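In what follows, a structure is listed as structure tokens, so that the remarks can point back to it.
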Amino acid sequence: LEYEQLHDRLTILQKRETEKEQNSSFKNETSSMVDLGYNMAYCRATISNPQKVYVDVGMGFHVEFSLDEALSFCTRRIDFLKKGALDY
């Protein structure tokens, strides 16, 4: 569920970036709500360069991805988790 939500948010961000490229009046930064832990506390964060995002890949590690790379990672992670769930 977490990666599906992330995938949805990245898709929206990617669409905004595409619109921004087509219309120069868009501002470069965007904002988002960030989970501070266990879906209990959130804060608003400003993303100054939406071309690069950090994704929690597990075990406490975060990796910097481009939007396309992050979407690809999320798609593969969702498929992997669904396949694993079906095996049990």
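Quick notes
- The residues of region 59-88 that are at pLDDT 85 or above and loosely packed, with under 10 Cβ neighbours inside 10 Å, listed by number, are 59, 61.
- Residues located in region 38-55, provided they are modelled with pLDDT of 85 or more, over 22 Å from residue 15 (Cβ atoms) and of a type outside the set (Gly, Ala, Ser): 42, 43
- Residue pairs whose Cβ atoms lie under 8 Å apart, separated by 6 or more positions or on different chains, with the first residue in region 1-18 and at negative phi and the second assigned to a helix (DSSP H, G or I) and of a type in the set (Gly, Ala, Ser), are 6/70; 10/70.
- Among (1) open to solvent by 100 Å² or more (accessible area, probe 1.4 Å); (2) over 11 Å from the mean Cα position of the chain (by Cα) - the single one residue 54 does not satisfy: (2)
- Of all residues in region 45-67, those being assigned to a loop (DSSP other than H, G, I, E, B) and of a type in the set (Gly, Ala, Ser) number 2.
- Count of region 33-88 residues which are in contact with a strand residue (DSSP E or B) (Cβ under 7 Å, 6 or more places away or on another chain), of a type in the set (Ser, Thr, Tyr) and in contact (Cβ under 8 Å) with a residue 12 or more places away in the chain: 2
The values are calculated or read from the model by the stated rules, or taken from the named source; none is laboratory data. Here the structure is a predicted model, which is why all the values come from computation and not from measurement. Here the Cβ is made from the backbone with ideal geometry for all residues, glycine too, and neighbour counts use every protein chain on show. The area values use the complete protein model at the heavy-atom level, side chains included, leaving out ligands, DNA and RNA. Shrake-Rupley method; radii C 1.70, N 1.55, O 1.52, S 1.80 Å.
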